[in-house]
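Enquirer: Please find one structure pasted underneath; my questions will follow.
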Amino acid sequence: MKTPPGRSASLLKALALEVKPHLWAVILGILAMAVVAASEAGIPALLKSVLDKGFGSKDHTTHMKYFVPIAVVGLALVRGVAQYASNYLLSWLSNRVLLNLRLKMFDRVLHASALFFQRETASTIINAVVFEVNQVLTILTGVAITLIRESMTVVFLLGYLFFLNWRLTLIIAVMLPAIGWLVGKINRRLRRLNRDYQSLTNELSYIVEETAGGYKVVKVHNGQNYEMTRFESMSRRLRGYSMRMTVSGGLAQPLTQFLASIALAVVITIAVVQSAHDQTTVGGFVSFVTAMLLVISPLKHLMDVNQPMQRGITAAELIYGLIDEPAEPAGGGTPLARSTGKVAFDHVSFTFAESERTILSNINFTIKPGEMVALAGPSGGGKTTLVNLLPRFFDPTGGRILIDDVPITDYVISDLRSQIAFVSQDVVLFNDTIAANVAYGQEINRTKVEAAIQAANLTDMVGLMPQGLDTLVGDNGMRLSGGQRQRLAIARAIYKDAPILILDEATSALDSESERYVQAALETLMVGRTTLVIAHRLSTIERADRILVLDGGRIVEQGSHAELLQHNGLYANLHRIQYQQQEAA
């Protein structure tokens, strides 16, 4: 989710497009803030009237006695109502934009390519979707309110100052370019520090994610000190960056106040000179100084907004980096209701673009409907990559794959994947009910769920559950044993009733008893389906119609179990090694 160079300049434009449908809220909010800003100039105006007409002037004392207090209360009331309205409107707007951004981000996560999930850690994605999107809008909404309201306040007050005494106002105006140059210098450093800080935050989250996910390994190997050292080291680096941002961001305010104090000293000096020549009144001078001091507060807020704004822009870069992530191919326009199960690999090759490493080379074979084909061979031979090409997790870099004599790239991708059921050793279950896990992605038909549970040899297990099919399985099925989790994944495949089945090491991590139950469930699942099986335990694929032996990304042997043993090649050698290991055990 890296943002390309120059992207930062367009982030505010992208956010503006999100705001555009709710422009009415923006306009009303700005008008409310304009009222708040204008009320600031009313205070020194009232003060000038009191000093020049209320003191020492008997003609206006009665008028001032009632008018000024009422005006002060009325001004405060108008200001309070306007301020509440602006905050409410912009909060409503930010929550609408937050919802839209979060939905866009999660939609892109759902449709991102497999390469995206190999490149990004889960903690980075979670930070972007859950935390950063919330933070960026909280920050930028506060920034927007401050920028608009305080900028308007400065404009109104400067306008009033210019009306009172344009010569003194020019002195203040001279200081503004110096402040702008100073802020620009600080901005660039803060932007760089925030990007580094975000990257380190993701790394820290990943350490926590790894430690929580692998808690058993950590405990058994007494890795607590190692993990604590890693966490502490990264936390200290984060603290260092946080302090650097504090130092850089904190410079703006004192330097601005110093420049303002210089301006105030010059103004007082010139005002004294003007007073000596009857060019200003006491009320005018006090009103001018009051308005000038009132300008300092919004200017200070504008300086303070710099650091959170840079943090918000950095978070926005992460968010739009995810939103702009290329989606996986949508496929062609050819629909596919139900395949016959014929699958063909036509001179297929695959090379990882990032490493330029060739995984598969000139793979060429056809599977007839209902045929069971097994993939065997040494680890790293390309077996898993080959089956991942069929549902288009990746696309071949050479050749083509066909289902029912039609290239799979021509099919609507959702139709293509509806033809394939996938069961692997890495079972993924959701923290939901047994029924919801079995019927995942489809409407729950309880009769059909019960049939799938029975076919997967899970009826007894479900009968012992407190809520039966409505029992929650826990995080990734933690309340179930390894064999039960595997059979639940098989029940999901049975429920889907897809014509093509992929089994990737579906029994490799099970004990003998669990394997027996799972194997029986798999036998039920494979009936009438075109099946591609990957198995390191060669005993599980002996009954395959055909076995393809892959080595170095190429098919080096193929035939039935008996034919390959007779051939006395790589498969026969692997079979002998496994047989000897079983005998030794």
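Enquirer: For ARG191 and ALA114 in one chain, what is 0.36 nm times their gap in residues minus the Cα-Cα distance, to one decimal in nm?
Expert: My answer for the length gained is 24.6 nm.
Enquirer: On the protein heavy atoms, probe 1.4 angstrom, tell me the percent of accessible surface of segment 107-147 carried by carbon and sulfur.
Expert: Values: 1180 of 1810 Å².
So the carbon and sulfur contribution to the accessible surface is 65 percent.
Enquirer: A follow-up question, please. Just reorder GLU356, GLU18, GLU209 by solvent-accessible area, largest first, 1.4 Å probe, all chains present.
Expert: Solvent-accessible surface, decreasing: GLU356, GLU209, GLU18.
Enquirer: Taking the Cα centre of each part, how many Å lie between segment 536-557 and segment 412-476?
Expert: 29
Enquirer: Here is a further query. Give me the accessible area per residue for segment 321-442, probe 1.4 Å, as a whole number in Å².
Expert: In whole numbers, segment 321-442 has 43 Å² accessible per residue.
Enquirer: Quick check: with the 1.4 Å probe, what order do TRP24, TRP92 take by accessible area, largest first?
Expert: Heavy-atom accessible area, descending, gives TRP24, TRP92.
Enquirer: Once you have all Cα-Cα distances for segment 460-509, histogram them in 10 Å bins from zero and send the whole-percent values.
Expert: The percentages, shortest bin first, are 21, 51, 25, 2.
Enquirer: Please report the base-10 log of the normalised intensity I(q)/I(0) for segment 397-541, using a Debye sum with one equal scatterer per alpha carbon and no solvent, at each q in 0.17 (1/Å).
Expert: -0.94
Enquirer: OK, next. With Kirkwood's inverse mean 1/r over C-alpha pairs for Rh, give me the Rg to Rh ratio of segment 305-356, two decimals please.
Expert: For segment 305-356, the value is 1.30.
Enquirer: Next up: Scale the Cα Rg of segment 68-135 by the rule-of-thumb value 2.2 N^0.38 Å and send over the ratio, two decimals.
Expert: Values: Rg = 21.2 Å, N = 68, 2.2 N^0.38 = 10.9 Å.
Relative to the rule-of-thumb radius for its length, segment 68-135 sits at 1.94.
Enquirer: Here's another thing I want to ask about it. With labels modelled as points extended 7 Å from the Cα through the Cβ direction, what inter-label distance (nm, one decimal) is found for GLU443 paired with ASN364?
Expert: 4.7
Enquirer: Same structure again: Quick one: net charge around THR340, please, counting Lys, Arg +1 and Asp, Glu -1 for every other residue with C-beta under 15 Å from its C-beta.
Expert: Its environment carries a net charge of -1.
The values are calculated or read from the model by the stated rules, or taken from the named source; none is laboratory data. Computed from a predicted model, the values in this text were never measured in an experiment. All Cβ positions, even for glycine, are placed from backbone atoms using ideal geometry, and neighbour counts span all protein chains on display. Accessible surface is based on the protein model in full, side chains and every heavy atom, while ligands, DNA and RNA are left aside. Shrake-Rupley method; radii C 1.70, N 1.55, O 1.52, S 1.80 Å.
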